[in-house]
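Q: What follows is a structure written as structure tokens; I'll ask about it next.
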Amino acid sequence: MKGRLGFIGLGVMGRPMAGHLLDAGHELYVYNRTRSKADELVSRGAHWCPSPAAVASQADIVFTIVGYPADVEEVYLGQDGIARSIRSGCIAVDMTTTRPDLMKTIAGRLAARGASFADAPVSGGDRGAREATLTFMVGADEATFEAIRPYLETMGRSINHCGGVSMGQQTKMCNQIVIAGTMAGVSEALVYAARCGLDLERMVQTIRPGAAGCWTLDNLAPRVIRGDWAPGFMVDHFIKDMGIALEEAERMRLSMPTLALVKQLYAAIQAQGMGCDGTQALVRALESLAGCRLFK
């Protein structure tokens, strides 16, 4: 079934995700704050819209993936936001990692217009977006989940219904907590190996089939070894995610000491101007603590 779809947010993740929907033959209406990022999709047949409201007025299902909670709020609830023009019976799906409480607020505003809402944050990074292998964590009622599932399957490999609205975001917080600890462990292993003189590529190949094997070791450790700091996922955005998880933990009176420490390490490299680097740049914080430079 071909649909009239909207897509808002054409960054590192959003542009290839929107491209998969276009390749599948759907009519696609797009918006991005920086219009030039939409040019390639428009050249392939997507329709440019001047605002989120304009996208929502044309599409039956609107997908959004932007940067920060303030961006999500503006896209949905701002003067030219989705809530101003979305039609009854339509669906909006936010794939940004953001505050769970904001998802409930947006769902309420859209419900007042007769529209449905799902939060569906993703995991898998830029490579997962390009290769359509993303994992989706969906918070929605059952009918909404089933309605959007075919489109999510076009963009990803693992589509998971996690509960009602906001439960997708809560699942993503669990994902980010695990990633924070894993990034710290992989980064420390790389610094240790470099300092003691191991062949880094051989070390990674040796430990990856065993209990240490993980996505971070497979995908980000090679980037560190090459001196590739380009973002699959930016430091700035990961700090935002960890902050949300820590706020939620505080609300639930939970202590998250490892998460808090990793956030501080990332804050140190952010303060040094590396906020737009990929999360693999965590090794730079460990190099600073050691007083040495081990990677290119």
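Q: Please go through segment 89-138 and pick out each residue that is at positive phi and touching a strand residue (DSSP E or B) at 6+ places or on another chain (Cβ under 9 Å). Give the derivation first.
A: The initial filter retains those residues of segment 89-138 that are at positive phi, namely 89, 114, 124-125, 132.
Selection gives Gly89, Gly124, Gly125, Ala132.
Q: Any chance you could count how many residues in segment 248-296 are closer than 24 Å to Pro69 by Cα, in a helix (DSSP H, G or I) and touching a residue at least 40 places away in the same chain (Cβ under 8 Å)?
A: 12
Q: Something else: Return the only residue of Ala111, Ala92 being farther than 27 Å from Asp236 by Cβ and out of contact with any Cys (no Cβ under 6 Å at 6 or more places or on another chain).
A: Values: Ala92 fails: farther than 27 Å from Asp236 by Cβ.
Criteria check complete, one pass: Ala111.
Q: Let me ask another. Scan segment 177-199 and give yes if some residue there is under 20 Å from the mean Cα position of the chain (by Cα), under 23 Å from Met242 (Cβ atoms), part of a helix (DSSP H, G or I) and polar (S, T, N, Q), otherwise no. First the steps, then the outcome.
A: We begin by selecting, within segment 177-199, every residue under 20 Å from the mean Cα position of the chain (by Cα); these are 177-184.
Subsequent filtering for residues that are under 23 Å from Met242 (Cβ atoms) retains 177-184.
Among the residues that remain, those that are also part of a helix (DSSP H, G or I) are: 177-184.
After this cut, where a residue has to be polar (S, T, N, Q) as well, the list is 182.
Yes - at least one qualifying residue is present in segment 177-199.
Q: So, one more: Within the bounds of segment 150-165, is there any residue that is among the polar types (S, T, N, Q) and in the same structural domain as Ala281 (by TED's automatic domain parsing)? Before the answer, list the steps.
A: Filtering segment 150-165 for residues among the polar types (S, T, N, Q) gives 154, 158, 160.
Filter once more, keeping what is in the same structural domain as Ala281 (by TED's automatic domain parsing): none.
No; the residues of segment 150-165 include none that is among the polar types (S, T, N, Q) and in the same structural domain as Ala281 (by TED's automatic domain parsing).
Q: I need the full set of residues from segment 29-86 which are under 18 Å from the mean Cα position of the chain (by Cα) and of a type in the set (Gly, Ala, Ser), in order please.
A: If the condition is that a residue be under 18 Å from the mean Cα position of the chain (by Cα) and of a type in the set (Gly, Ala, Ser), then Gly67, Ala70 are the ones that fit.
Q: Another one. Condition (residue is hydrophobic (A, V, I, L, M, F, W, C), assigned to a helix (DSSP H, G or I), surrounded by fewer than 16 Cβ atoms within 10 Å (Cβ to Cβ) and free of Cβ contacts under 8 Å to residues at least 24 places away in the same chain) applied to segment 62-73: is it met by at least one residue?
A: Yes, because at least one residue in segment 62-73 is hydrophobic (A, V, I, L, M, F, W, C), assigned to a helix (DSSP H, G or I), surrounded by fewer than 16 Cβ atoms within 10 Å (Cβ to Cβ) and free of Cβ contacts under 8 Å to residues at least 24 places away in the same chain.
Q: I'd like the full set of residues that are free of Cβ contacts under 8 Å to residues at least 24 places away in the same chain and among the hydrophobic types (A, V, I, L, M, F, W, C), limited to segment 75-126.
A: Ala111, Ala112
The values are calculated or read from the model by the stated rules, or taken from the named source; none is laboratory data. None of the values given here were measured: they were computed from a predicted structure. Heads up, the Cβs are rebuilt from the backbone with ideal geometry, glycines too, and the neighbour counts pull from every protein chain shown.
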